[in-house]
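Participant: First, the structure itself, so that you have it in front of you.
The values are calculated or read from the model by the stated rules, or taken from the named source; none is laboratory data. All figures in this text were calculated on a predicted structure; none of them were measured in a lab. Here the Cβ is made from the backbone with ideal geometry for all residues, glycine too, and neighbour counts use every protein chain on show.
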């Protein structure tokens, strides 16, 4: 008796303590970036979420709902309220308001930074609940521990990574838990709760489509397995009706649940369930075996009719066809061909094999084992796990980013597998019987027996003396397994610390003496823009930096990471890829006052604009095929070069000019590009329509000011030529010649 | 009258020594010192002390607009050479001394309308001067924003020249028998200056105007000096200091928010990083600001330096014997016209600044009004002092008048009734204002228990609620599990 509690209460207390510790570890392991750097918002998208949250906090919810952001997508603007998943912002704003009502003046930035780690603790708890439904609570604890530190999930939920996924994975797991629970108990209450959390999920992340397809798939498979029950009917119907109605309240989703193909499966299953329920009712009055067969074929028939009806409706335009992003899920080459903008994002690339191991380590080996164990039991909830596992592993293979949805189920199945193994090898009853047995014998006989399947206790008792379950072999297995687990923890920590904890707006390197040296060029440039330019000036840059400029520099941008208007992005791409004259016209038309480029040549920062330039060209070519041609940027030998051999088109593009302006002079002649390992041509780069406004310490960010029109009405090239004083005469001669010819 | 104008920094400091005599037939206790209105807007401090005894005289703004100017010729023949001025309290009349054969009104050289263009400061002597008595005193004034860069734009490595406009004669509402003005300049590079023939001597970086004899009250002759000032002109547009005392932690948390502008000559072309990298020498002598340093109390801990978008990594803290020095670089070098904002904060043990005075039973906070950031002037300073929750009977004393003092309630972590907040606002502040302000208050030891009580009450409430909840039945009908 510990603390005067009986065994059950002790177990409950232990569970609570362990879950608390797991939550703590889950949060703590995500704080690397805060400790190493600071409490700051990371990367790109989080900056928009942060900015939106601040807007929500500083105004009211209704103003946020109707927010028209005229400071992005200039001159189009963006209807933020209608194009955003508000769940994340509302969550942090709610936390903020509650804390402030209780006199805790916590800065909104800190709430945003710590939101994802806090929710990862909740994810761990919901993983526990889900796994406890599938196997038992000890497996649940293992699952919670796994998901708490699995890098696949940490990658999107470190402190500062203030993105939708941070709370969405918790919602995903909790919705599934409630669904399983509802299905098990056939309870309308849990069905409604599922719908409620589904609604939250819809509000939080576009990945809700996964839920609204997976649950119907589960229902459908259960029906096909002949497992239709009133429990399924109650749970699914209450979930679907309430969930759909609620999800339609989000403006961004709107009528999609009734109009788009992504949601049709759920509607179809709902219909089928009604039919089956009706048929069941009929059958309960006239039961026969033939009826069963007739009934099944009827189901299959109606499924196909509905499917074809759906296809016809889609073709007829009543239901929106699949979106491009969705197609790219099935055909990995699709995006590259038709929507370069989707393909240009690194997280939309197909996953490389090593990254499965990198993100999941040993869990990826245990995953099939867990699936196998689910097959052995195959209750309703196991079917769900299997379906989830199969679909998620497919999606994870297609897109790097969807590794995130795979991770939870891998953790659950792996926990099932590990806990199964531990159940067998740690059985205390076994241990005691073992002790009575002579140890030497078990040693010899160990190799004779092959691994015996599973562990029905009756067979166990018979083979007391022989086999792998003798004490020391058991210890060997356990020690090995503990070793694996320790390696797993070590690997997760290592990956988190090395790969996923860089805020990416701050670069870290080290001094020769090992002390940390921080390269803070991005913020240097953004802060310069923020403080020393006109509040209404427009900044043109590639869309990657749109959110950061809006968030940190607080200036109007032309394009940003929302990428809703391909044409506008292509226009910016065209400006970057064209010569000064063409670009100047585009920039004047868009009221651009500053142009921002990222240049890594001096420092060897490879994520710079010259490396992204090909994507700009490709996207621009998609919209302006006559004016921008990718081929012109490649040398005759098909190489993409920036040195002496760079093509004239490349050298005349303002991107090239802005990147390398004054760069040769820094080296006193020929510049050395450290990213591309190239020596530049020694020709001086002249800019006539742009002038350098600011360049950061390590030259990573370069800001150029677009010149005003010339006072004398000349073109800026002419004015520049006149000022330099050289070409004046020649151009005059030319013009007189031309006039003579004409 | 001997006047020194110090132009070696961005602050114009004027020190005027007076030797004055009462030529009126009654005893006099005050003196009026005129400052033109446009200068007065930039006046950040004025100080008067007697030269012999080093005693400070009281100075206050005199509101002359409400006064009536009179010409009373009956006194006119009494005065000669020196000054007298008097406001008779009963009639609000001003009677001024004047030289012989001079017409009323005397205070202004031209017309009555000028009256509104001059701000008078009333200096009260510590004693009354009998007729024919003499007194020697010094008026020290400092002005900000009195210099304009000319040319307004210079190249990145260029030299900065400033233009100063002033009066060749000292400010005096009285007849001045003899006067001299010395202008101190930062370097020998003087591009041009007013040269009244016969009254100017140039001694390296000193210009001497005078001696002038027998000048009328408020005489004016333009003084224009164009000279080189190779310094950054830093102005803090706004400074907010938050001082929060906690008796619980025995801690004084200080956070200061700066909004800094470099008001020197603007950059002619845009900033070129290449030139910045290349010309190391020019970089050192340039007027831009790369680095600032602050001295903090020696026990300062948890020092941070941030701006609106996060931590700035280019700061360095080192401890010296009697202070801690925080050296930091702004994110970018500050050229003319560039702005930068930041804030920094630190904790110090409250005992360093707060003392308990057992006789009166009061706690006394003694802390400088501002923390000195060298070479800087402040347009507006706001000091917010947050006293611990439950502090009462608050008294604030400042060594100089502040423009606004307000009291409010501030609520923060674990507060129930909120903390006492004092807000002091002052415009046009110089580093000379880094003098101690004193806040005293009473604080009973019961207040220390307020927070633990509040927290434990909340937790108790939560436990009670959960007890009630767990004993209630929410299901419809009988639940089967419990029986």
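Participant: Scanning the range A:45-67 for residues that are over 19 Å from residue B:308 (Cβ atoms) and touching a residue at least 12 places away in the same chain (Cβ under 8 Å), which turns out nearest to the other protein chains (Cβ to nearest Cβ)?
Facilitator: A:45
Participant: Quick one: in the range A:470-484, which of the residues that are touching a helix residue (DSSP H, G or I) at 6+ places or on another chain (Cβ under 6 Å) and over 16 Å from residue A:362 (Cα atoms) is modelled with the highest pLDDT?
Facilitator: A:474
Participant: Tell me whether the range A:565-576 contains one or more residues that are within 23 Å of residue A:689 (Cα to Cα), touching a residue at least 24 places away in the same chain (Cβ under 8 Å), in contact with a strand residue (DSSP E or B) (Cβ under 9 Å, 6 or more places away or on another chain) and surrounded by fewer than 19 Cβ atoms within 10 Å (Cβ to Cβ). Before the answer, list the steps.
Facilitator: Within the range A:565-576, the first condition is being within 23 Å of residue A:689 (Cα to Cα), and the residues that meet it are A:568-576.
Those left that are additionally touching a residue at least 24 places away in the same chain (Cβ under 8 Å): A:568-576.
Now drop any that are not in contact with a strand residue (DSSP E or B) (Cβ under 9 Å, 6 or more places away or on another chain), which leaves A:572, A:575-576.
In the following step, the residues that additionally are surrounded by fewer than 19 Cβ atoms within 10 Å (Cβ to Cβ) were identified as none.
No, there is no match, as no residue in the range A:565-576 is within 23 Å of residue A:689 (Cα to Cα), touching a residue at least 24 places away in the same chain (Cβ under 8 Å), in contact with a strand residue (DSSP E or B) (Cβ under 9 Å, 6 or more places away or on another chain) and surrounded by fewer than 19 Cβ atoms within 10 Å (Cβ to Cβ).
The rows are residues; the columns are (1) surrounded by 15 or more Cβ atoms within 10 Å (Cβ to Cβ); (2) touching a residue at least 12 places away in the same chain (Cβ under 8 Å); (3) away from chain B (no Cβ under 14 Å).
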site: A:674; (1), (2), (3): no, yes, yes
site: A:682; (1), (2), (3): no, yes, yes
site: A:685; (1), (2), (3): yes, yes, no
site: A:692; (1), (2), (3): yes, yes, no
site: A:706; (1), (2), (3): yes, yes, no
site: A:714; (1), (2), (3): no, no, yes
site: A:718; (1), (2), (3): yes, yes, yes
site: A:721; (1), (2), (3): yes, yes, yes
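Participant: Mind checking whether some residue in the range B:122-142 is surrounded by fewer than 14 Cβ atoms within 10 Å (Cβ to Cβ), over 24 Å from residue B:181 (Cα atoms) and modelled with pLDDT under 75?
Facilitator: No; the residues of the range B:122-142 include none that is surrounded by fewer than 14 Cβ atoms within 10 Å (Cβ to Cβ), over 24 Å from residue B:181 (Cα atoms) and modelled with pLDDT under 75.
Participant: Go through the range B:330-346 and count every residue that is more than 10 Å from chain A (Cβ to nearest Cβ) and surrounded by fewer than 20 Cβ atoms within 10 Å (Cβ to Cβ).
Facilitator: Residues that pass the stated criteria total 2.
Participant: Go through the residues of the range A:280-294 one by one and say whether even a single one is in contact (Cβ under 8 Å) with a residue 60 or more places away in the chain and not in a helix (DSSP H, G or I).
Facilitator: Checked against the condition, which is being in contact (Cβ under 8 Å) with a residue 60 or more places away in the chain and not in a helix (DSSP H, G or I), the range A:280-294 yields no hits at all.
Participant: Continuing with this model, one more query. Mind checking whether some residue in the range A:649-669 is more than 14 Å from every other protein chain (Cβ to nearest Cβ), under 31 Å from the mean Cα position of the chain (by Cα) and either assigned to a loop (DSSP other than H, G, I, E, B) or at pLDDT below 85 (or both)?
Facilitator: Within the range A:649-669, the subset more than 14 Å from every other protein chain (Cβ to nearest Cβ) is A:649-657.
Then drop every residue that is not under 31 Å from the mean Cα position of the chain (by Cα), which leaves A:655.
Adding the requirement that they be either assigned to a loop (DSSP other than H, G, I, E, B) or at pLDDT below 85 (or both) leaves none.
No - not one qualifying residue is present in the range A:649-669.
The rows are residues; the columns are (1) at pLDDT below 50; (2) in contact with a strand residue (DSSP E or B) (Cβ under 7 Å, 6 or more places away or on another chain); (3) crowded, with 17+ Cβ neighbours inside 10 Å; (4) in a loop (DSSP other than H, G, I, E, B).
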{"site": "B:13", "(1), (2), (3), (4)": "no, yes, yes, no"}
{"site": "B:25", "(1), (2), (3), (4)": "no, no, no, yes"}
{"site": "B:32", "(1), (2), (3), (4)": "no, yes, yes, no"}
{"site": "B:44", "(1), (2), (3), (4)": "no, yes, yes, no"}
{"site": "B:58", "(1), (2), (3), (4)": "no, yes, no, no"}
{"site": "B:65", "(1), (2), (3), (4)": "yes, no, no, no"}
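Participant: For residue A:609, state whether it is touching a strand residue (DSSP E or B) at 6+ places or on another chain (Cβ under 6 Å) and either modelled with pLDDT of 85 or more or surrounded by fewer than 18 Cβ atoms within 10 Å (Cβ to Cβ) (or both).
Facilitator: yes
Participant: For residue A:118, all conditions in the list (1) modelled with pLDDT of 90 or more; (2) crowded, with 24+ Cβ neighbours inside 10 Å hold save one; what is the number of the exception?
Facilitator: Unmet for residue A:118, out of (1) modelled with pLDDT of 90 or more; (2) crowded, with 24+ Cβ neighbours inside 10 Å: (2).
Participant: Can we say residue B:355 is more than 14 Å from chain A (Cβ to nearest Cβ), more than 28 Å from residue B:57 (Cβ to Cβ), surrounded by 14 or more Cβ atoms within 10 Å (Cβ to Cβ) and over 26 Å from the mean Cα position of the chain (by Cα)?
Facilitator: Details: more than 14 Å from chain A (Cβ to nearest Cβ): yes; more than 28 Å from residue B:57 (Cβ to Cβ): yes; surrounded by 14 or more Cβ atoms within 10 Å (Cβ to Cβ): yes; over 26 Å from the mean Cα position of the chain (by Cα): yes.
For residue B:355, the condition - more than 14 Å from chain A (Cβ to nearest Cβ), more than 28 Å from residue B:57 (Cβ to Cβ), surrounded by 14 or more Cβ atoms within 10 Å (Cβ to Cβ) and over 26 Å from the mean Cα position of the chain (by Cα) - is met.
Participant: Moving to a separate point now. Any idea how many residues of the range B:138-163 are in a loop (DSSP other than H, G, I, E, B) and farther than 10 Å from residue B:264 by Cα?
Facilitator: Kept after step one, since they are in a loop (DSSP other than H, G, I, E, B), are these residues of the range B:138-163: B:144-146, B:150-152, B:155-160.
Narrowing the set further to residues that are farther than 10 Å from residue B:264 by Cα leaves B:144-146, B:151, B:155-159.
So the answer is 9.
Participant: From the set of residues in the range A:492-511 that are surrounded by fewer than 20 Cβ atoms within 10 Å (Cβ to Cβ) and within 14 Å of chain B (Cβ to nearest Cβ), which is farthest from residue A:354 (Cα to Cα)?
Facilitator: Checking each candidate, the answer is A:511.
Participant: Based on what the data block shows, is residue B:447 surrounded by 13 or more Cβ atoms within 10 Å (Cβ to Cβ) and over 19 Å from the mean Cα position of the chain (by Cα)?
Facilitator: Values: surrounded by 13 or more Cβ atoms within 10 Å (Cβ to Cβ): yes; over 19 Å from the mean Cα position of the chain (by Cα): yes.
The answer is yes for residue B:447.
Participant: Report yes if some residue within the range A:633-643 is in contact (Cβ under 8 Å) with a residue 60 or more places away in the chain and at positive phi; otherwise report no. Explain how you work it out, then say what you get.
Facilitator: Initial filter on the range A:633-643 (in contact (Cβ under 8 Å) with a residue 60 or more places away in the chain): none.
No - not one qualifying residue is present in the range A:633-643.
Participant: For the range A:512-533, which positions are within 12 Å of chain B (Cβ to nearest Cβ) and assigned to a loop (DSSP other than H, G, I, E, B)? Steps first, please.
Facilitator: Applying the first criterion (within 12 Å of chain B (Cβ to nearest Cβ)) to the range A:512-533 yields A:515-533.
Listed by number, the residues that qualify are A:515, A:520, A:533.
Participant: What is the one condition in (1) more than 14 Å from every other protein chain (Cβ to nearest Cβ); (2) surrounded by 22 or more Cβ atoms within 10 Å (Cβ to Cβ); (3) touching a residue at least 60 places away in the same chain (Cβ under 8 Å) that residue A:41 does not satisfy?
Facilitator: For residue A:41, the exception is condition (1).
Participant: Is it true that residue B:381 is touching a helix residue (DSSP H, G or I) at 6+ places or on another chain (Cβ under 9 Å), under 30 Å from residue B:145 (Cβ atoms) and surrounded by 16 or more Cβ atoms within 10 Å (Cβ to Cβ)? I'd like the intermediate steps shown before the answer.
Facilitator: Details: touching a helix residue (DSSP H, G or I) at 6+ places or on another chain (Cβ under 9 Å): yes; under 30 Å from residue B:145 (Cβ atoms): yes; surrounded by 16 or more Cβ atoms within 10 Å (Cβ to Cβ): yes.
So residue B:381 passes the test.
Participant: Among the residues of the range B:316-329, write down those that are within 14 Å of chain A (Cβ to nearest Cβ) and either over 26 Å from residue B:267 (Cα atoms) or at pLDDT 90 or above (or both). Please lay out each step first, then the result.
Facilitator: Initial filter on the range B:316-329 (within 14 Å of chain A (Cβ to nearest Cβ)): B:316, B:328-329.
Within the range B:316-329, B:316 is the sole residue that qualifies.
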